1. Could you check A:Ser169 against (1) modelled with pLDDT under 95; (2) surrounded by 22 or more Cβ atoms within 10 Å (Cβ to Cβ) and say which number it fails?
2. Need the failing condition index for A:Arg60 against (1) near DNA strand C (Cβ under 9 Å from one of its atoms); (2) in contact with a Leu (Cβ under 7 Å, 6 or more places away or on another chain), just the number.
3. Go through (1) surrounded by fewer than 24 Cβ atoms within 10 Å (Cβ to Cβ); (2) within 14 Å of chain B (Cβ to nearest Cβ); (3) assigned to a helix (DSSP H, G or I); (4) not aliphatic (A, V, I, L, M) one by one and return the number of the condition A:Asp311 breaks.
4. Tell me which of these A:Ser39 doesn't satisfy, since it passes every other one: (1) polar (S, T, N, Q); (2) farther than 30 Å from B:Arg303 by Cβ; (3) within 14 Å of DNA strand D (Cβ to nearest atom).
5. So, in the range B:243-256, how many residues would count as being β-branched (Val, Ile, Thr) and modelled with pLDDT under 80?
6. Every residue in the range B:11-24 that is more than 10 Å from DNA strand C (Cβ to nearest atom) and in a loop (DSSP other than H, G, I, E, B), please.
7. From the set of residues in the range B:63-77 that are buried (at least 21 other Cβ atoms within 10 Å of the Cβ) and of a type in the set (A, V, I, L, M), which is farthest from DNA strand C (Cβ to nearest atom)?
8. For A:Arg10, only one of the following conditions fails: (1) closer than 20 Å to A:Arg304 by Cα; (2) among the charged types (D, E, K, R); (3) more than 10 Å from chain B (Cβ to nearest Cβ). What is its number?
Number of protein chains: 2
Amino acid sequence: MSRRHKATIRDVATAAGVAVGTVSRVLNGSGAVAPQTASRVRQAIAVLGFMPDAAGRSLRSGASRAIGVLVPTLSNPIFARSLEGIERAAAQRGFSTVIASSGYDPVRELDVVATLVARGVEGLVLTLTDTKPDRIDAVAGHGVPFVLAYNQPKPNGGAPRFSLATVDSRVALQEATEQLIALGHRRVAFLGGAFASSDRSRARYEGYRAAMDAAGLPAWDPAEIPFDAQDEAFEAALGDLIGRLVAPTALICSNDLLGLHAVAAARRHGLAVPGDLSVVGFDGMPMARIAEPSLATVAQPARRMGEAAVDLLFGLIAGGPPRQLILPHTFLEGGTLAAARADADPLRAGSATILGPTKPNRSPR
Amino acid sequence: MSRRHKATIRDVATAAGVAVGTVSRVLNGSGAVAPQTASRVRQAIAVLGFMPDAAGRSLRSGASRAIGVLVPTLSNPIFARSLEGIERAAAQRGFSTVIASSGYDPVRELDVVATLVARGVEGLVLTLTDTKPDRIDAVAGHGVPFVLAYNQPKPNGGAPRFSLATVDSRVALQEATEQLIALGHRRVAFLGGAFASSDRSRARYEGYRAAMDAAGLPAWDPAEIPFDAQDEAFEAALGDLIGRLVAPTALICSNDLLGLHAVAAARRHGLAVPGDLSVVGFDGMPMARIAEPSLATVAQPARRMGEAAVDLLFGLIAGGPPRQLILPHTFLEGGTLAAARADADPLRAGSATILGPTKPNRSPR
DNA sequence: ATGAAAGCGCTAACAC
DNA sequence: GTGTTAGCGCTTTCAT
């Protein structure tokens, strides 16, 4: 079963007694080939164990049969799962998937996209850190079809300029916040990934703020956690929230990873979840659902998102227009959710300064 | 910033007033180029935004600067994390990572490897379902350097025939089982992924059995969960274990995902963890550690494993000999671990048949 | 329906 | 130190 030197199309042609062009036609189903000849060629292919070389094919036809994917990280299961959907959908169409991660670094991100393009991928599925027009333009400038996944660009009226598969993070988190408010919570804090590295995090904060505003409640400054040192920085941010004299009775987290850590940290600080603090996450990671208590969260269909992104991408590759797809989200109740206690003491001892919720005109930094 | 037609090396040569060969030399640092000329070339490259086309380069030089990775699934964070290590290590050397998943399907697995090879990858990092010699041979037959990750092939004396980065699952689980026995557990059951799709799972079972044997305790038949329907099938298997008249006081799971589900399921069945049932996992997923109670487990360095695999792979690509690397594992205590209760009632009502631990001469099927 | 030949972008071998 | 050129494996005209 071992072959020293890979067979080329010429070897096949010789073995089948035909011209290389004919072999190519059989291979690609292009042009007409006599059934008899075709089967002779197929025979030779099988005998030699021939597989067409991707580089030669790509060089000549420009069709690399590969797509490129950029994710911020693979440590977050939500992106891993989405990638799984992408890889499957691509493989189904005979496309390979080249993967790269940005580590939430806006600079590396653009380099990585350029690298992917240089590889000759026919399309891209990207989760960018930032979706401001100039960044989108930088990507579009390569002239390679692309689809954004998970991103939350500011909507612009009129026909979409690029394709997108996502959920509406803003609305989703607004609804989640409303649930908390309906449960009697008035002091609701927000904990998110750094806005500079995640437009999702920012959109979710905006949804939170919209709900608080609508209810006439003061919105808090967001606690932003840098993505590169999530575990450690997280402790600090949560300690800060908890240390405030007017402590929150509920905490909204921009993803489940953060939510899970929040539950653990709150407990280490002696707070009961959900007794003293209700927690809501975002993503719907399976693992967060089987935790005890299960994490209340906004579920998004990660795998389907990946598949949908690939569908959109192939629409683009086929010459279709950009399309923006908003997939449905679901609010999942969970054990981390409880009604606000009527007896909650708004003032706690042990801190020198008096801190309370603030209403930022603009997010900090 | 947008360029309609990608610049070629010829465009650069023209712009810089040199020959294409010179540009190539600058690009690859091969041959000597006058510093002055070089900077002129670099200038032209920058102005034109030129990036060498991977297909052309690959076709000519045979160096695709890409590696291929095969994982069983990306839904298991342990593989996602390992992939992250692989991608990073590869990118650091200027290599792209082409990814594919087998879905634990031994047939698809070999196809996928062939596809990766046809893409022209210079090396492979694989986690195979099965590592019997004929399967290894099938992979080796492509003549592309490869490294196995996570796999647990039967050791063969003498110089290794292929490279490998893994932990010693057998020993690790033997140790974990010994811990359980030291805590007074005598009825210890094993829950694992289907052996036919995972040599890790099998090796772990063997470690479990070795420890039980050494302690003079009866080993149980493994409860095997198919990977394709883990969640549902899992319920059935655990129900089975729990339904036995002589129920286990401890459960060893071949991975953390299973372990987490086991804890949740046991609770749904009214069992206290660890009061009625101690549970141990395998992998050391961060998420399982922040769960409440934290999952006792055997931690393996997933990310480092990925990086190590790439190191080994480049050793191979550079012409070095195969090397097998066993990374260290760590037993992590956790809240799912408790001493066996002295008053544990070995007989429980409600079942018609009397089942107990069995000592299989050979694993079933 | 099939063969012949050009050439995709690049690197490497050779000439100067 | 630099220019010229052949050709990697393939697809795709253009002939026939």
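The values are calculated or read from the model by the stated rules, or taken from the named source; none is laboratory data. Model, not experiment: these values are computed from the prediction. Reconstructed Cβ throughout: ideal geometry from the backbone, glycine too, with neighbour counts over all protein chains shown.
1. (1)
2. (2)
3. It is condition (2) that A:Asp311 fails.
4. If we test A:Ser39 against (1) polar (S, T, N, Q); (2) farther than 30 Å from B:Arg303 by Cβ; (3) within 14 Å of DNA strand D (Cβ to nearest atom), just (3) comes out false.
5. Result for the range B:243-256: 1.
6. Once the filter is applied, which keeps residues that are more than 10 Å from DNA strand C (Cβ to nearest atom) and in a loop (DSSP other than H, G, I, E, B), the range B:11-24 yields B:Gly17, B:Val18.
7. B:Leu74
8. Answer for A:Arg10: the failing condition is (1).
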